[in-house]
Structure formats: C-alpha cells, structure tokens
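K.L.:
Dropping the structure in here first, questions after.
The values are calculated or read from the model by the stated rules, or taken from the named source; none is laboratory data. Note that the structure is predicted; figures quoted are calculated from it, not measured. No Cβ is skipped: glycine too gets one built from the backbone with ideal geometry, and neighbour counts run over all protein chains shown. Calculation scope for accessible area: heavy atoms of the full protein, side chains included, ligands and nucleic acids excluded. Shrake-Rupley method; radii C 1.70, N 1.55, O 1.52, S 1.80 Å.
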Amino acid sequence: QVQLVESGGGLVQAGGSLRLSCAASGSIFSINVMGWYRQAPGKQRELVATLTSGLYTKYIDSVKGRFTISRDNAKNTWYLQMNSLKPEDTAVYYCAAQVGSSRYWGQGTQVTVSS
C-alpha cells in the first residue's frame, strides 16, 4: 500500500505561483505513475499531469508551459510547480499513485486563485 499526503495549497493572486507537494510512504518502489488531479466546484475531477517511473511527463493542454510535475527521490516526494496561475485553476488538487491496477489517493489540498 501507499500513503500520500499533499501540502502547499493556498490563496494566490492571478499570475502567481504555488508548489504542491505529495509526500509518499509505504510501497513507494511499486509506484508506476504519479498523477496530479484537480476538482473544481460542480465539475468532474480531471487529470492534470502525470509522471511515470521512467520520468515521462504528460500534461493537459490548459496547463502546458505553466505547470511542472517532478519528483525528489531522496524525499519520496512528488511536486506540482504551478506558475502563471489563473482563476480557472481554482480547485482541490489531489495526488494519486498508480500501483498495478490499484490507485491510492491523497486527501487533497485547496488552491484558490483570485482575479
């Protein structure tokens, strides 16, 4: 099993930056893909960015060039660096670890971008 704890959310003005962290524990070596998702009020949860164990990254179009997913192996922590934030980025952000056919979720962290 994998346990995930997100942090780093908050309130920021449009154009600002935040870095979200996802600290992992447990069977970290078995994580195939780490993803960052977000869910805005009244909307479905969407996948924002992924990082595979082979360091391949993928982003949705709306965040390309603004968000960067990365990993610090020494700290067992994944990050989502978010720059040039927009009000439409406001959501609860979750990290999720894919281990085989199982997916483990963190508790989420709120990001609010004011205009």
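K.L.:
For the chain, modelled as a Gaussian network with Cα springs under 10 Å, which listed residue fluctuates most, S84, S70, S62?
P.N.:
Of S84, S70, S62, the most mobile in the Gaussian network model is S62.
K.L.:
Please work out the average accessible area per residue across the chain, using the 1.4 Å probe convention, and give it in Å².
P.N.:
Normalised by residue count, the accessible surface of the chain is 53 Å².
K.L.:
How much accessible surface does Y104 have with a 1.4 Å probe, in Å² rounded to 10?
P.N.:
So the heavy atoms of Y104 present about 50 Å² to solvent.
K.L.:
Kirkwood hydrodynamic radius, the chain, all distinct C-alpha pairs: what's the number in Å?
P.N.:
14.0
K.L.:
Taking a 1.4 Å probe, which of S7, S21 shows the most accessible area, and what order do the others take after it? Intermediate results must be reported in sequence, preceding the final value.
P.N.:
Values: S7 55, S21 25 Å².
Final ranking, largest accessible area leading: S7, S21.
K.L.:
I would also like to ask the following. So what does R19 come to for accessible area, using a 1.4 Å probe and Å² rounded to 10?
P.N.:
R19 has an accessible surface of roughly 130 Å² with all protein chains in place.
K.L.:
Test of understanding: what is the full-extension gain from Q110 to S30, defined as 0.36 nm times their sequence separation minus their Cα-Cα distance? Don't jump to the answer; show the numbers that get you there.
P.N.:
Details: separation 80, 0.36 × 80 = 28.80 nm, distance 2.75 nm.
Additional length available on full extension: 26.1 nm.
K.L.:
From largest to smallest, what semi-axes in whole angstrom does region 63-115 give when each is the square root of 5 times an eigenvalue of its alpha carbon gyration tensor?
P.N.:
Values: eigenvalues 107, 41, 20 Å².
Square roots of five times the eigenvalues give 23, 14, 10 Å.
K.L.:
So, one more: Per 0.36 nm of contour for each residue apart, how much would the distance between Q1 and R66 grow if the chain were fully extended, relative to their Cα-Cα spacing?
P.N.:
Full extension of this stretch gives 20.2 nm more.
K.L.:
If the cut-off is 25 Å between C-alpha atoms, which lysines fall inside it for K75, apart from same-chain ones fewer than 8 positions away?
P.N.:
Within reach: K58.
K.L.:
If DNA, RNA and ligands are ignored and the probe is 1.4 Å, what is the ranking of D72, D61 by accessible area, most exposed first?
P.N.:
Solvent-accessible surface, decreasing: D61, D72.
K.L.:
Using a 1.4 Å probe on the protein chains only, how many percent of the accessible area of the chain belongs to carbon and sulfur?
P.N.:
48
K.L.:
Something else: Any idea of L11's accessible area? Nearest 10 Å², probe 1.4 Å.
P.N.:
Approximately 130 Å² of L11 is accessible to the 1.4 Å probe.
K.L.:
Going 7 Å from the Cα of A23 along its beta-carbon direction, which residues of region 72-97 have the amide nitrogen within less than 19 Å of the resulting point?
P.N.:
Zone members listed by number: 72-81, 93-97.
K.L.:
I want to verify a result. In a Gaussian network model of the chain, Cα cutoff 10 Å, which of these has the top mean-square fluctuation: G54, G16, G42?
P.N.:
Largest GNM mean-square fluctuation: G42.
K.L.:
Further question on the same structure: When we measure straight from the Cα of K64, which lysines land under 23 angstrom away, once same-chain ones fewer than 8 places off are left out?
P.N.:
K43, K86
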